[in-house]
């Protein structure tokens, strides 16, 4: 409790100042000599009010600055953008406000890898010019053989972040870890296409803003992304097919927008549940009940698709075994079933229904535990043809 002793600013050899979670109030150090050697400043989760001291721009050795969860009331500290070694900037959960304008500056945040401005009151468009200059997030170091952490043998930095829908404390910060969290602000406009150039980015959270327009297909170029949260905005249009190519994507939240069309098919997309898409009345496809036809367009009928989660066969084998089952019960019954199906004016529709089964089976199979088998699986499919209710039973 109490205030930060201002005499600490007179220690020219001070490299690390960690006083987080101490219920501190008063002003942050403003003594000019603080900038000589300071490498890490962590005042997270206190009660510090007022403005960010402009003297922090003199800390040329500063790598980590965490002032999150305080009562700071200021505009974006653009002066910090010139710090040549700054890797982590966390200002989350304060009272920062106004637009982020950086278009007239060059070489901004050359080493920045973690930017957390969530839970503030920033307005206007997302800072496109800032995204264009985040060099450390635009390249991947292919020479690094083993992970390294920020800090040294005596002290290693820690940080609280939001990722994959959870708030976590990183006890140690990997130097290759990259994240942008601009959630819970008042940003407007569209998501910049330039965001896709941040190929080293692992976490992107733009949720709880007022963003509009389409999701840029260029996000599919962010090949390292593991967590993508665009929920609670006003985004519209289709989900870009390019997102299905993100092989490291473990968490996706597109809920509470105005998205429509078919959900892309892909290895990662087969793992996401309904809550990734809820609140978008126009979306169709797996895992939402309303399906998409073989053409990729939403189906016009309202048939509820009921499918055993453990089914795992192909269209041809299912169709063939259904006929063989009829043959085994009696030649006349078997040919009667075949004649009814082939002569029905609904034959194409039946094919689409069975194709739907195959698509769903393949996706469910990808999520099943390897090595699990069943001796016999009965798959039921209830359809309605010309007012006659028909149930297909397929014995595997």
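The values are calculated or read from the model by the stated rules, or taken from the named source; none is laboratory data. Keep in mind it's a predicted model, so treat the numbers as computed, not measured. Neighbour counts run over all protein chains shown; Cβ positions are idealised from the backbone, glycine included.
In the range 101-121, is there at least one residue being at pLDDT 90 or above, in contact with a strand residue (DSSP E or B) (Cβ under 9 Å, 6 or more places away or on another chain) and exposed (fewer than 15 other Cβ atoms within 10 Å of the Cβ)? Yes, the range 101-121 contains a residue that is at pLDDT 90 or above, in contact with a strand residue (DSSP E or B) (Cβ under 9 Å, 6 or more places away or on another chain) and exposed (fewer than 15 other Cβ atoms within 10 Å of the Cβ).
Yes or no, residue by residue, for (1) touching a helix residue (DSSP H, G or I) at 6+ places or on another chain (Cβ under 7 Å); (2) in the same structural domain as residue 176 (by TED's automatic domain parsing); (3) at pLDDT 90 or above; (4) within 30 Å of residue 124 (Cα to Cα):
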position	(1), (2), (3), (4)
206	no, yes, yes, yes
215	no, yes, yes, yes
227	no, yes, yes, yes
238	no, yes, yes, yes
254	yes, yes, yes, yes
301	no, no, no, no
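No other residue among 51, 60 is more than 25 Å from the chain's Cα centre (by Cα) and without any contact (Cβ under 8 Å) to a residue 24 or more places away in the chain apart from 51. If the condition is being modelled with pLDDT of 95 or more, farther than 18 Å from residue 109 by Cα and in contact with a strand residue (DSSP E or B) (Cβ under 6 Å, 6 or more places away or on another chain), then the range 167-186 contributes 183, 185, 186. Residues that are modelled with pLDDT of 90 or more and assigned to a loop (DSSP other than H, G, I, E, B) were ranked within the range 274-286; the one that is nearest to residue 244 (Cα to Cα) is 277. Residue 138: farther than 23 Å from residue 20 by Cα, in contact (Cβ under 8 Å) with a residue 24 or more places away in the chain, assigned by TED's automatic domain parsing to the domain that holds residue 93 and in contact with a strand residue (DSSP E or B) (Cβ under 7 Å, 6 or more places away or on another chain), yes or no? Taking the combined requirement at face value, the residue does not satisfy it.
Scanning the range 63-81 for residues that are within 14 Å of residue 114 (Cα to Cα) and part of a loop (DSSP other than H, G, I, E, B) turns up 63, 67, 68. Is the range 228-243 home to any residue that is part of a helix (DSSP H, G or I), surrounded by fewer than 18 Cβ atoms within 10 Å (Cβ to Cβ) and over 15 Å from the mean Cα position of the chain (by Cα)? There is at least one residue in the range 228-243 that is part of a helix (DSSP H, G or I), surrounded by fewer than 18 Cβ atoms within 10 Å (Cβ to Cβ) and over 15 Å from the mean Cα position of the chain (by Cα).
The listed residues are 112, 168, 201, and the only one of them that is in the same structural domain as residue 84 (by TED's automatic domain parsing) and not in a loop (DSSP other than H, G, I, E, B) turns out to be 168.
When residue 86 is tested against (1) over 19 Å from residue 206 (Cβ atoms); (2) in a strand (DSSP E or B), just one condition goes unmet, and that condition is (2). Looking across the range 82-100, the residues that are out of contact with any strand residue (DSSP E or B) (no Cβ under 8 Å at 6 or more places or on another chain) and closer than 16 Å to residue 133 by Cβ come down to 82, 83, 84, 85. Of the residues in the range 5-15, at least one is assigned to a loop (DSSP other than H, G, I, E, B), outside the structural domain of residue 149 (by TED's automatic domain parsing) and modelled with pLDDT of 80 or more.
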